[in-house]
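For reference, the structure discussed in these notes is given below.
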Amino acid sequence: MAPSSFVTPTLTGLQRTGRRGSVWERFTREGALESASVSRSEAAELNNRAKWLEQRLADSEEQLREAVEEIVEMRKRERMLDEAISEAEEASRTERAKLQIAARDAQIKSEILEKEKNMLIDKLQGEKYGATELVQESNKLGEENEKLCEENKKLCEENEKLCAENSKFTERENSLEASLKAKENELLKEKSLNVELEKKCNMLEGQLSASFREYKFDVQNLKAKEKELKSIKAKLQSYEEAIELKEADIDAREKFCDTVLQENQGLRKDKELLQKKIQAAEATTKAAAAPPAKKKPKAKDPVAADSTAPETTEKEGDDSPAYTREAIMRMTVSDLKKALSSAGLEVPSKGRKAELQELALGSLLSKGEEEPGTADAGADEPESAPKESESSSLTEAKISGMKVAELRKELAALGLDASGIKSVLQKRLKSAISQDKGKAKAASGKGKRKSPPSPQASPSKKSRRTTRRGKGYILDRLN
């Protein structure tokens, strides 16, 4: 057969169309080898090897194109992530501003409440018979406190929404990290395949160095592609570092959300304390105003007065132990109305259970449990003694050296909130111990005096101190 009939493409025939023909024709045309030195079967084997190498190179080029497309898609996804994170940052900033505004409004309202409370206390000290007007004003204050509680609930719901959005962003980032790792594994596999191809190409270069000079250019192209892959891998590492930084920012935001929640809990506790102190002030005012209203029967005969006196004392002795605080809180509306009517008080026709309980606590407990006397003072002293010993045993050095579990146990024993970071728990426990010490000093000073102070002044001063401390602490945390 003529040499022109045996036609096969060379190694670079697909890239350069001008060079066509078999290896045998190229050898004879260029004069590189004589016809006697190389047979046509050897030339066919060389041609088959060249075809196989061309196929492998085409496959590697397709794999590289796929890798480039995947990298482009990854860049698009990263841009989408950056946009979503920027939107989340803007949303968190706006919500933080809203929270600060709400906290300032709450502070202003609490200051207004303090001023109104001081006015009420001054009125109580000056006028003993203006109880009805004080009750109306206290109801208004209670409504304002309820509004503040509703606003705090709204703020808590907004914080929960923020936490849910942060969790969604973390899930998206985790999925993207998993996809990045899978693609890195694929790139490593492709790199291993490229290394094997390089070895085989080097072996073929040693065999066909004299005849195939263009094969070296193909190897150089493969090395350039390897460099491109290395640069792509470096970019992927930089992207991973950026994602880690974003994760750190998200963790910081989650911590900030936790601190905001803890501050909201502190505000709630301060408001509950204010409500309790207002109720105590109302009870004391009602107890002070109740005795002159009850003096209806006026005995003219001394004999009749003497005969009725033991009956009234017996009745009072029988009724006072029955109406305890727990019993009044467990009573129904009908029982409360009966008890108030039997005590000679006016029962409102459209009164709620809370109002009836307040009236019962102010009138019925004043006969039995809440009479300020020597017996109550003597009974309270042994209860305050162990509290003073417990609070004195816990110093600031011990509190700073305690663990989180120990701090939570101490706070639970004192009946306080045990949620939060270690620093927050330490501050809470220290403030509780300082308050206990102040109360113990005040109780010891009262016991030493001959004439006990009026029951109206002490709760007002304590309420002022506690509210001012709570406000300063909240403002420092917000700033």
Legend entry - Sole residue being touching a residue at least 60 places away in the same chain (Cβ under 8 Å), in a helix (DSSP H, G or I) and in contact with a Cys (Cβ under 7 Å, 6 or more places away or on another chain), chosen from N159, N166, N194, N152: N159
Inset, instruction - Considering each residue of region 410-421, count those that are closer than 15 Å to K398 by Cβ and exposed (fewer than 13 other Cβ atoms within 10 Å of the Cβ), and give that number. - result: 1
Inset, instruction - Examine region 138-147 for a residue that is part of a helix (DSSP H, G or I), in contact with a Leu (Cβ under 8 Å, 6 or more places away or on another chain), within 22 Å of K276 (Cβ to Cβ) and among the aliphatic types (A, V, I, L, M), and state whether such a residue exists. - result: yes
Inset, instruction - Answer yes if at least one residue in region 163-175 is surrounded by 12 or more Cβ atoms within 10 Å (Cβ to Cβ) and among the aliphatic types (A, V, I, L, M), and no otherwise. - result: no
Inset, instruction - Note down all Cβ pairs under 7 Å where the first residue falls in region 89-110 and is closer than 21 Å to S167 by Cβ, the second is part of a helix (DSSP H, G or I) and hydrophobic (A, V, I, L, M, F, W, C), and they're at least six residues apart or on different chains. - result: S92/L162; E95/L162; L99/L155; L99/V260
Inset, instruction - Would you check if E263 is modelled with pLDDT of 85 or more, surrounded by 12 or more Cβ atoms within 10 Å (Cβ to Cβ), part of a helix (DSSP H, G or I) and in contact with a helix residue (DSSP H, G or I) (Cβ under 9 Å, 6 or more places away or on another chain)? - result: yes
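With closer than 30 Å to A44 by Cα, among the hydrophobic types (A, V, I, L, M, F, W, C) and assigned to a helix (DSSP H, G or I) as the only criterion, which of F256, F217 stands out?
Numbers: F256 fails: closer than 30 Å to A44 by Cα.
None of the others qualify; the one that does is F217.
The values are calculated or read from the model by the stated rules, or taken from the named source; none is laboratory data. Treat the numbers as computed from the prediction; the structure is a model and nothing was measured. Reconstructed Cβ throughout: ideal geometry from the backbone, glycine too, with neighbour counts over all protein chains shown.
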